[in-house]
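The values are calculated or read from the model by the stated rules, or taken from the named source; none is laboratory data. What you see is a predicted model; the values in this text were computed from it and never measured. Neighbour counts are summed over all protein chains in view; Cβ atoms, including those assigned to glycine, are modelled from backbone coordinates with ideal geometry.
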Amino acid sequence: MVTFYKTEQTYQSGSKTLAGDYYTSPDIFAAETERIFSRRWFCAGHASRIPRAGDYFSLEAFGESILLVRGEQAKVHAWYNVCRHRGTRLCEQSEGRFGKSIQCPYHAWTYALDGRLIGAPLMKDADGFDKADFPLPPVSMRLWEGFIFLNLSESPRPFEADFAPLLGKFADWNLPLLEPAGRAVYDVAANWKFIFENYNECYHCPPAHPQLAKISPSNSGGNDLVEGPVLGGFMLIEGADSLTLSGNACALPVGDLKPEDHRRVYYYSIFPNMLLSLHPDYVMFHTVTPVSPERSRITCEWLFHPQAFGRPGFNPQDGMDFWDMTNKQDWRVCELSQKGVRSRVYRPSPYSPRETLPAAFDRYYLGVLGA
Amino acid sequence: MVTFYKTEQTYQSGSKTLAGDYYTSPDIFAAETERIFSRRWFCAGHASRIPRAGDYFSLEAFGESILLVRGEQAKVHAWYNVCRHRGTRLCEQSEGRFGKSIQCPYHAWTYALDGRLIGAPLMKDADGFDKADFPLPPVSMRLWEGFIFLNLSESPRPFEADFAPLLGKFADWNLPLLEPAGRAVYDVAANWKFIFENYNECYHCPPAHPQLAKISPSNSGGNDLVEGPVLGGFMLIEGADSLTLSGNACALPVGDLKPEDHRRVYYYSIFPNMLLSLHPDYVMFHTVTPVSPERSRITCEWLFHPQAFGRPGFNPQDGMDFWDMTNKQDWRVCELSQKGVRSRVYRPSPYSPRETLPAAFDRYYLGVLGA
Amino acid sequence: MVTFYKTEQTYQSGSKTLAGDYYTSPDIFAAETERIFSRRWFCAGHASRIPRAGDYFSLEAFGESILLVRGEQAKVHAWYNVCRHRGTRLCEQSEGRFGKSIQCPYHAWTYALDGRLIGAPLMKDADGFDKADFPLPPVSMRLWEGFIFLNLSESPRPFEADFAPLLGKFADWNLPLLEPAGRAVYDVAANWKFIFENYNECYHCPPAHPQLAKISPSNSGGNDLVEGPVLGGFMLIEGADSLTLSGNACALPVGDLKPEDHRRVYYYSIFPNMLLSLHPDYVMFHTVTPVSPERSRITCEWLFHPQAFGRPGFNPQDGMDFWDMTNKQDWRVCELSQKGVRSRVYRPSPYSPRETLPAAFDRYYLGVLGA
């Protein structure tokens, strides 16, 4: 049985915001890149984005370009976007569909959809050259509930080490089957941790999100994951059927939900780059990619029940527009915080009793960074 | 009695321009930020810019955003633009008018116009939290002749230590009463010291300012402050009534001036960021804000007698356009100098006998930097 | 007698591409600037660009602005674009024509077309000042076959040390007499060495240059300079008269060529910044200026026989457009390589037997860098 706590119930007296350097220092950013983003599993997207053999998208993250490709037998592959000859970037587009192979535009080295080097002009005359030694460089990959997770480490930690709290948790929402209806990309002038701290509290909802606060009271709901890599819980929907501009549900329910889950939105932040928001009629997820200490690239994608598409009443824009508005309200206050913490007078200050999850996020983050 | 010297009379044989590093080195820029701009009083503007309770403007300088606010009882306040909760920038606009209070857009912490924290939702439940401990962070401030001076040090040096030569000096010009008619902001690709050195000599006037040189001979006048933080003197107006495009006076005299002061413009550079130029019919002042070793932001504002506004013959644009033209001529040669001193062959070279004030500026600057 | 080798004949087993740091590291770039570009002779252009007394162009390279000026008696001068007074950049334009002298826009110091300081207002009153001590700062210069070569070192190495292989080599092509018909400037997001490696192999021609590969077989020709500062040889023209969009010759032959040279294009890379491509009817040369580890500025200029201009059949655009297309194909693959070598998985990989010259370039480069 899951226990939910009001956020105030897990309040730790004396919790304070992080010092300014954590949001601005290039040295701390370098440490984060090494200790967090080069070691942890991070979300690259949902496999439904590449349904057919040859479909691909590329991901720019942590100094790398990574190709996510649907190969034969529906298998998903993740490779560094780097030719084994001169290192040339193989593919410039952010998404598309390959034919039967992937060819480098420079010297025409050619790879099969399973990564094998199958063409390398004239290299048969190079002493000791064996094509089998030069496949596309793979990235460690795991699928969880349809989401693609990657790990840049040469010896990745077990996926289950961090994701244990989530395994099986969302079975009712049909996550592996859902299909995308839209995608937004935001360039935000704020440190990635501001995004996580912001997502994890609704203390800011009344001033920053008047529309959201009206249909989802900021003091409603409760949290069940209150320490560790995954943090979150639910909030209630009141006076509306879902979080949409109209207040109406915008699609079929995503799954065979329990009665109470038709009035709830579940929000979980998954360290270090994913925000997962489960609504009755759609699932939204963000990925947060640090670009520099003061800049982040954020994607937001919306998934729906596959049978919702084309049905009467299917109006995904109603939910996506609601969150595009709400996202931009969040990015603005995060950007204002980024500007302020550079000041010589900024000091760590008390978190309110409604900011227990940001405080828990900071604790977990500091533990990982110190490791 | 004030003694004025021709610039050549204070010529020091062997004076040379500064080495190139002083205009380009990030290390020297960091030392300047610490030893000069974080310690010295600098001009933020004129209080007449915010006449009514609630009026404010913000200032971006030396890594800070500072709010200048007219509070109750006509009092001028200076605060860091930083919320005491999460450090959020409180105000994004560069100028405007607050109502009765200042509210943070993130979590609605609210401050009175005297800086007291008067609202902090839910914080009454935070252990030991007392609103009295979290006022807006103040910046040290002094008013001099209507000008707002700020100091970022935690224990500022006495204002009088640097401003003694100026106290009472400009009583005839009615500086505290004057009112603004215009403001220009320039982004200049030159080190801030080039701006000061340029302002302090008219050796460049014949080639660079043909219009100015025609109505204010470059060898006229004399200097009375020739060493120290304030440098300058006067030049004559000839064949015109003032420095305007038309040559006519563009407003009432700013004060009850001595007869000779109707034919003079007084120019003083006030270390480290102000240039004050007193004409018979208007007062112009520049503030120079270093942005990086090779970039400065310069404001130029023009003040007039309060009774000049609306009178027949009031034509402030005539004076402002003259100086906008002249300013841009100066910024161009400063930018060309900036480009040149990066060269491996640039070496300190002899100042001319008409560049005694730039040489004095350099000496004072080096003394402060070495301190 | 010149011996030409097929590129495969000089293949060294085990040759690999450079490590990624050589293309991205600011430290290596700084070492290159000091050990290569501040010591080696580099090409600034062709003297035919400034035919008349007073003609000039300026060159931005390696942190300097350099003025190339045609003086009296047809003499070519090279000076740093730096006034001897305040270091001011003398000339902002990239090309033009001076009158009888060069005047600084700041304080009107004036230089003759041979570099002597001939005017310095008021400096006669500066103690010990002698105009003879303040000429324009010269840059070491040599003319070779009409090309202007510069050296930024205070004690330049002998020009012949590096250029011995070229002296007299191209007499048939009339290089000193040729005249320009066009000039292109490219800003390329790739390290300068990618440009050289690319120029030195035609392994990439079939995939990257379908038009070129069609009229100049990628396995044709041979190389005669296969180690050292100058690398190259020739390739055949087949099924066309020259490398033009139409396939027709676009001008008179540039010289009294040997019969076989009417069917050949000679390609030589000249360390560290010049690519020289001799066609029967025109000569093309590139200069490559490193701007940062990941950015280069490239000029491409086309020279023709002076008697070709105005003749029937003179169609220089036909050749220039062919190479503008081909240049852009090259810059694209160089930029893709630049992007790829930043990856943590990029490793030096085997060069093909058709990439012996890039391998020789790398060896020579490493030798110079290590010196």
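Miscellaneous remarks
- Odd one out for C:P207, checked against (1) in a helix (DSSP H, G or I); (2) within 18 Å of C:L275 (Cα to Cα): (2)
- Residues within region C:141-168 that are buried (at least 17 other Cβ atoms within 10 Å of the Cβ), closer than 23 Å to C:D281 by Cβ and not assigned by TED's automatic domain parsing to the domain that holds C:L59, tallied: 1
- Screening the candidates A:A251, A:A190 for the property of being in a loop (DSSP other than H, G, I, E, B), farther than 20 Å from A:L303 by Cα, modelled with pLDDT of 95 or more and not aromatic (F, W, Y) yields one hit, A:A190.
- Residue that is nearest to C:L122 (Cα to Cα) [pool: residues in region B:329-371 that are among the β-branched types (V, I, T) and within 14 Å of chain C (Cβ to nearest Cβ)]: B:T356
- Lone qualifier among B:A249, B:A184, B:A171, B:A240 - being at negative phi and touching a Cys at 6+ places or on another chain (Cβ under 6 Å): B:A184
- Any chance B:I28 is surrounded by fewer than 21 Cβ atoms within 10 Å (Cβ to Cβ), assigned by TED's automatic domain parsing to the domain that holds B:H204 and under 20 Å from B:I298 (Cα atoms): no
- Just so you know, in region B:91-102 the residues that are over 13 Å from B:I118 (Cβ atoms) and free of Cβ contacts under 8 Å to residues at least 40 places away in the same chain include one that is surrounded by the most Cβ atoms within 10 Å (Cβ to Cβ), and it is B:C91.
Yes or no, residue by residue, for (1) modelled with pLDDT of 95 or more; (2) within 25 Å of C:L212 (Cβ to Cβ); (3) surrounded by fewer than 24 Cβ atoms within 10 Å (Cβ to Cβ):
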site: C:S269; (1), (2), (3): yes, yes, no
site: C:S296; (1), (2), (3): yes, yes, no
site: C:T299; (1), (2), (3): yes, yes, yes
site: C:F314; (1), (2), (3): yes, yes, yes
site: C:C334; (1), (2), (3): yes, yes, no
site: C:T356; (1), (2), (3): yes, yes, no
site: C:Y364; (1), (2), (3): yes, no, yes
site: C:V368; (1), (2), (3): yes, no, yes
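- Region C:339-366, residues that are part of a helix (DSSP H, G or I) and either β-branched (V, I, T) or not assigned by TED's automatic domain parsing to the domain that holds C:T33 (or both): C:T356
- Strands (runs of 3 or more DSSP E) enclosed by region B:32-150 - at least 2 residues per element that are more than 25 Å from B:P306 (Cβ to Cβ), at the interface with chain A (Cβ under 10 Å from one of its Cβ atoms) and within 17 Å of the chain's Cα centre (by Cα): B:64-70
- A:L303 vs. criteria modelled with pLDDT of 95 or more, in contact with a Gly (Cβ under 9 Å, 6 or more places away or on another chain), surrounded by 22 or more Cβ atoms within 10 Å (Cβ to Cβ) and assigned by TED's automatic domain parsing to the domain that holds A:H204: yes
- Residues of region A:281-327 satisfying the condition of being charged (D, E, K, R), in contact with a strand residue (DSSP E or B) (Cβ under 9 Å, 6 or more places away or on another chain) and closer than 15 Å to A:W192 by Cα: A:R295, A:R297
- Within region C:13-20, none of the residues are of a type in the set (S, T, N, Q) and not assigned by TED's automatic domain parsing to the domain that holds C:I270.
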